[in-house]
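The structure appears right after this line, and notes come after that.
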Amino acid sequence: MSALEVQKARAASVFNRESLESILRGRFFYAPAFDIYGGVSGLYDYGPPGCAFQANVVDTWRKHFILEEDMLEVDCTMLTPYEVLKTSGHVDKFSDWMCRDLKTGEIFRADHLVEEVLEARLKGDKEARGIAHDATAEEDADKKKRKKKVKQIKAIKLEDDVVKEYETVLAKIDGYSGEELGELMVKYTINNPATDGPLEPPMAFNLMFETAIGPSGQLRGFLRPETAQGQFLNFNKLLEFNNSKTPFASASIGKSFRNEISPRAGLLRVREFLMAEIEHFVDPLDKSHPKFNDVKDITLSFLPRGVQEAGSTEPITETIGKAVESKMIDNETLGYFIGRIYQFLVKIGVDKTKLRFRQHMGNEMAHYATDCWDGELLTSYGWIECVGCADRSAFDLTVHSNKTKEKMVVREKLETPIEVTKYEIDLTKKLFGPKFRKDAPLVENFLLDLSQSELETKANELKANGKVVFQINGLEGDVELDDKFINIEKRTKVEHVREYVPNVIEPSFGIGRIIYAVFEHSFWNRPEDTARGVLSFPPLVAPSKVLLVPLSNNKELQPVTKKVSDILRKAQIPFKVDDSGVSIGKRYSRNDELGTPFGITIDFDSVKDDSVTLRERDSTQQVRGSVEDIIKAIKDITYNGVTWEEGTKNLEIFTSSQESK
């Protein structure tokens, strides 16, 4: 097949999730952890091809971002003390909404339950109206997705305004609060789909795994829910390492943990997962990016906040440059990373027609974010968030600095000194000890931490009343101080150094979700035999690059097989030898399921003239040449981005009848 014919065959192939999952588990890409003990929801083990594929994706990510963008990589501990995550807001706010069946005790994630019930009712409405939809494969997928929830779709016709209302709710499903989800459940009579039993109103469930650090059990901690906090806490060290220059970015790749309410959909919602996160520290007054022109002409599908709030899911197609210019995307740095995210995803095998960037709605926004776009990938489970790109402003550095009294700032020498007018507070510290005794430091720190707006308020209060009155956590009653204790006034100074807390742009990648989406986007069946599945991974990330196939077990072929193996091993090209007794066609077919892009066939002509045959996985085209020329072609196509046509243009086209045997 030609490249165009391959493209048409892939487009015509009807996706079947059960066929894909049969291959992924049968070939041990991954499997449920602790399987022989019955398994644990949301925990998976990767087998040899899964490990190799993940390692290649991570290696590509590291080169694409860390090397190309000169980022500073760190590897921080997974155990995080309680105080760190309390300060960051995760202890109080890192939650999903769950509801419990009062009778059975079964637990549901509220937004997922509302979504699945309304989707099932809409499908039932279509059936009742006789509207056909993609039947078999979609229904098989839906049944597996529903599992214990919506077990059966009932063909019941809905009123037109109800259909529109359901569609509007589904378009905004990610933006509802717990209270709003509870109101929807009451309004639409959403109970336990299996028993129709009543459910408790949604309640917040913190997603972090709590643990105790040390034998005493007194030091509370958590398994980290993200890798970001370790990067923030090391900001000063990273800034010093970077010679105090900004902007700069740190990056981290590692495991994170979230105690999901209802893990489902295989690798898409798990409790332990690999993350790759970037923290790009930037001047809050200048969020331009020097390489923005490299991505400004990329055209993407955007689903901005306003479109969703209007109840629509129809994306807007726009270039990144125009999206930033119109302020749909807030700034160049955020836009630049959205472009780089797109380039990375396409490089590792994501179908660009199944990728969109959706802006978070107000209620959906993480507690630390001022703006956020999700890179979402279309799978048989619907649109799945795989990458988040958030503007975290100065939230994290500010809260950790306030808590620890450790300054986390950038100091920039000004070419031209500037005059700055601001409020300053003076404390008569010798009076604080006798008045407050052991609480004196607490009061002093409270006053010294007042913001400019708070100092202005207190200055006016002191001027008007001759005293200020305030309350401090940890002290009973009001604290009252007159002008003997404090003096607040506005002063103008000449500053030669500007001091600021940088803002943070954070691209965050869920590697497992991306991997599963690539599995789906890469899977298709040969048109001449639908039982023959193919995983069309880009050679760069394929688990193994080459299948080495001796024509038979004849001893004459063994020296050539060893020679080619040694050359591949020395060139560090991953390969496997299949010298089993089955036909070459079957050997190729089972390695197509592993995504192996190339096959080298060694036959009796190889013994005579040192030539071998090279087969390409998707088109099954074959060429012949010397061992050295064949391996050069493999290296160029795999690692240098050369096309099959360009890489093999000097090799002889070879026709074989073995492919279908």
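The values are calculated or read from the model by the stated rules, or taken from the named source; none is laboratory data. These numbers come from a predicted model, not from an experiment. Glycine also receives a Cβ, built like all others from the backbone with ideal geometry; neighbour counts cover every protein chain displayed. Areas reflect the complete protein model, heavy atoms only, side chains present, ligands, DNA and RNA absent. Shrake-Rupley method; radii C 1.70, N 1.55, O 1.52, S 1.80 Å.
Kindly indicate whether THR104 is open to solvent by 30 Å² or more (accessible area, probe 1.4 Å), closer than 21 Å to ALA251 by Cβ, of a type in the set (S, T, N, Q) and not in a helix (DSSP H, G or I). In short, no.
Just name the residue that is surrounded by the fewest Cβ atoms within 10 Å (Cβ to Cβ) out of those in the stretch 69-91 that are in a helix (DSSP H, G or I) and touching a residue at least 24 places away in the same chain (Cβ under 8 Å). The extreme case among them is GLU83.
Applying the criterion of being of a type in the set (A, V, I, L, M) and more than 22 Å from the chain's Cα centre (by Cα) to the residues of the stretch 296-315, the residue that is modelled with the highest pLDDT is VAL307. For the stretch 14-39, filtered to residues that are within 26 Å of the chain's Cα centre (by Cα) and free of Cβ contacts under 8 Å to residues at least 60 places away in the same chain, the residue that is surrounded by the fewest Cβ atoms within 10 Å (Cβ to Cβ) is PHE34. Quick one: in the stretch 328-338, which of the residues that are buried (at least 22 other Cβ atoms within 10 Å of the Cβ) and not acidic (Asp, Glu) is farthest from GLN54 (Cα to Cα)? By that ranking, first place goes to ILE329. Beta carbons closer than 8 Å, at least 6 apart along the sequence or on distinct chains, pair a first residue in the stretch 407-429 that is over 26 Å from PRO247 (Cβ atoms) with a second that is open to solvent by 70 Å² or more (accessible area, probe 1.4 Å) and hydroxyl-bearing (Ser, Thr, Tyr) for GLU419/THR492; THR421/THR492.
Of all positions in the stretch 592-613, at least one carries a residue that is among the small types (Gly, Ala, Ser), open to solvent by less than 30 Å² (accessible area, probe 1.4 Å) and on the phi > 0 side of the Ramachandran plot. Being open to solvent by 20 Å² or more (accessible area, probe 1.4 Å), in a helix (DSSP H, G or I) and either over 30 Å from LEU181 (Cα atoms) or of a type in the set (Asp, Glu) (or both) is the filter here; which residues of the stretch 341-366 pass it? If the condition is that a residue be open to solvent by 20 Å² or more (accessible area, probe 1.4 Å), in a helix (DSSP H, G or I) and either over 30 Å from LEU181 (Cα atoms) or of a type in the set (Asp, Glu) (or both), then TYR342, GLN343, VAL346, LYS347, LYS352, THR353, GLU364 are the ones that fit.
For the stretch 265-295, filtering for residues that are more than 17 Å from the chain's Cα centre (by Cα) and surrounded by 19 or more Cβ atoms within 10 Å (Cβ to Cβ) leaves 5. The number of residues in the stretch 426-474 that are under 20 Å from ASN402 (Cα atoms), open to solvent by less than 60 Å² (accessible area, probe 1.4 Å) and of a type in the set (Gly, Ala, Ser) comes to 2. Elements of the type strands (runs of 3 or more DSSP E) sitting completely within the stretch 568-661 and holding at least 2 residues that are over 31 Å from the mean Cα position of the chain (by Cα) and of a type in the set (S, T, N, Q): these cover 611-616, 622-626. Going through (1) touching a helix residue (DSSP H, G or I) at 6+ places or on another chain (Cβ under 8 Å); (2) over 27 Å from VAL57 (Cβ atoms); (3) aliphatic (A, V, I, L, M) one by one, LEU285 falls short only on (1). Return the residues of the stretch 573-599 that are at pLDDT below 95 and farther than 21 Å from ILE23 by Cα; say none if nothing qualifies. Once the filter is applied, which keeps residues that are at pLDDT below 95 and farther than 21 Å from ILE23 by Cα, the stretch 573-599 yields ASP579, GLY581. Residues in the stretch 370-412 that are of a type outside the set (S, T, N, Q), touching a His at 6+ places or on another chain (Cβ under 9 Å) and part of a strand (DSSP E or B): ASP371, CYS372, TRP373, ASP374, LEU377, LEU378, GLY388, ALA390.
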